[in-house]
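The values are calculated or read from the model by the stated rules, or taken from the named source; none is laboratory data. Since this is a predicted model, take the numbers as computed values, not measurements. Positions of Cβ are backbone-derived with ideal geometry, glycine not excepted, and every protein chain shown enters the neighbour counts. Side chains are part of the model used for accessible areas, which takes the heavy atoms of the whole protein and leaves out ligands, DNA and RNA. Shrake-Rupley method; radii C 1.70, N 1.55, O 1.52, S 1.80 Å.
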Amino acid sequence: MKQVDIFLYISSKAPRLNGAKYIYVLTCRGKHVSGKGEIKEKTTGHRLVMTCAVEALKHMNLPSMITIHTNSRYLMNGHGYLASWKENGWKRAGGKNVKNADLWQQIYDLQKAHAVKYKYQTNLDVFG
């Protein structure tokens, strides 16, 4: 399996946003693939970083060992619950619906063929 590093950059971590931008960079064996996107409607910082992750993971065609570099503890911590959320019909332990379940389902589906780990980094701010 090849090793791929994915770096996620978002324009803001504010709770509620009136549009925001993101950039992702995939690196493997000295080669880079990047992309960017924008959410124009109201969104949250959590949905923004999850959308960025989804778009980056769509580039993964072969099973790989992936390290996702992010400054989102929400994304990092949620990753650990994906299997149990799926098993419980995208409900939390208390029976409440998982927030952002639509994006969590996409992340689950896109990364299931890979060995994925997350690395917290605070220096992921390209938007200044």
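Miscellaneous remarks
- Scanning segment 88-112 for residues that are open to solvent by 70 Å² or more (accessible area, probe 1.4 Å), assigned to a loop (DSSP other than H, G, I, E, B) and of a type outside the set (A, V, I, L, M, F, W, C) yields N88, R92, G94, K96, K99, K112.
- Residues of segment 71-87 classified as in a loop (DSSP other than H, G, I, E, B) and surrounded by fewer than 19 Cβ atoms within 10 Å (Cβ to Cβ), total: 3
- A115 vs. criteria more than 13 Å from the chain's Cα centre (by Cα), small (G, A, S), open to solvent by less than 70 Å² (accessible area, probe 1.4 Å) and within 29 Å of K2 (Cβ to Cβ): yes
- Residue match in segment 41-48 (condition: outside any strand (DSSP E or B) and of a type in the set (S, T, Y)): yes
- Test: residue in segment 58-65 that is on the phi > 0 side of the Ramachandran plot and in a strand (DSSP E or B): no
- From the list K42, K58, K13, the lone residue that is open to solvent by 70 Å² or more (accessible area, probe 1.4 Å), under 20 Å from N100 (Cβ atoms) and at pLDDT 95 or above is K58.
- For G35: the one exception among (1) within 25 Å of M1 (Cβ to Cβ); (2) free of Cβ contacts under 8 Å to residues at least 60 places away in the same chain; (3) crowded, with 18+ Cβ neighbours inside 10 Å; (4) in contact with a helix residue (DSSP H, G or I) (Cβ under 7 Å, 6 or more places away or on another chain): (3)
- Within the set I68, I23, the sole residue that is crowded, with 17+ Cβ neighbours inside 10 Å, farther than 16 Å from Q106 by Cα and touching a residue at least 60 places away in the same chain (Cβ under 8 Å) turns out to be I23.
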